[in-house]
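The block underneath contains the structure these notes are about, expressed in structure tokens.
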Amino acid sequence: MKLLAVTLWTLVSLVVADPCNEFTLAECSFESAEVIYEYNVHPTEDSIELCQLVCQTEKGCNFFRYTAVHGKCVLLRHRAAESCEVVSGLMEPDLNTCIDNAAGPEGDCTEFLDEDCTFDEDPLVSFDAYDAVDCQEELNLIGSTYAATYFVYDGITGQCDFYETGARTCVSMNGPAFPSVTECGK
């Protein structure tokens, strides 16, 4: 259990070098054409690195997704963020800049995104929104009224939640084949 806890990514602060790393995804359903291969890895401290290494050696793999709880590694042709029902992030930068930032296998550290997060605080306010872009725009317009700095949009329910900090615990991560997870401090 301790080992599993080590592999969970806990984010408790918004003080980061790259604000794109504050965006998260959840409820993603990859089309079979996007998935190259799925396999289980015994969850260890190095499992995410192993998943990425397999992606680096697998022809056509540009992105990988690793889920610590199940030790599941998915090799992907593309990130396919548009298949994700839940998107969250800050007021800035623009959502599309970070989520659609998928340059490909020779990406950069900004392309690593956490997935499947549980938020460590209750929402300050909830309301209906058209999509994640609308939710982020509302945060920019009225977020300060609620002392909110972070949004979560659920495309299944159409609900937009505002949070004070966006502190969260995430069990999955996706990223490019390169650069290495270790090099990027993940």
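The values are calculated or read from the model by the stated rules, or taken from the named source; none is laboratory data. What you are looking at is a predicted structure, and each value in this text was computed from that prediction instead of being measured. Note that each Cβ is placed from the backbone with ideal geometry, even for glycine, and that neighbours are counted across all protein chains shown.
A few remarks follow.
- Evaluation of His70 against the conditions (1) free of Cβ contacts under 8 Å to residues at least 40 places away in the same chain; (2) assigned to a strand (DSSP E or B) shows that the sole unmet condition is (2).
- Qualifying residues in segment 26-50 (those that are of a type in the set (A, V, I, L, M, F, W, C) and in a loop (DSSP other than H, G, I, E, B)) - the one farthest from Phe63 (Cα to Cα): Val41
- Lone qualifier among Glu137, Glu85 - being on the phi < 0 side of the Ramachandran plot, touching a strand residue (DSSP E or B) at 6+ places or on another chain (Cβ under 7 Å) and of a type in the set (D, E, K, R): Glu85
- Segment 140-152 - residue that is of a type in the set (Gly, Ala, Ser) and in contact with a strand residue (DSSP E or B) (Cβ under 8 Å, 6 or more places away or on another chain) and, of those, farthest from Pro123 (Cα to Cα): Gly143
- Residue that is nearest to the chain's Cα centre (by Cα), among those in segment 136-148 that are in contact (Cβ under 8 Å) with a residue 40 or more places away in the chain and crowded, with 19+ Cβ neighbours inside 10 Å: Gln136
- The single condition among (1) out of contact with any strand residue (DSSP E or B) (no Cβ under 7 Å at 6 or more places or on another chain); (2) more than 28 Å from Phe64 (Cβ to Cβ); (3) assigned to a loop (DSSP other than H, G, I, E, B); (4) of a type in the set (Val, Ile, Thr) that Thr165 does not meet is (1).
- Some residue of segment 26-47 being surrounded by fewer than 18 Cβ atoms within 10 Å (Cβ to Cβ), at pLDDT below 90, over 30 Å from Ile142 (Cα atoms) and aliphatic (A, V, I, L, M): yes
- Residue in segment 51-75 that is surrounded by the most Cβ atoms within 10 Å (Cβ to Cβ), counting only those that are among the aliphatic types (A, V, I, L, M) and at pLDDT 95 or above: Leu75
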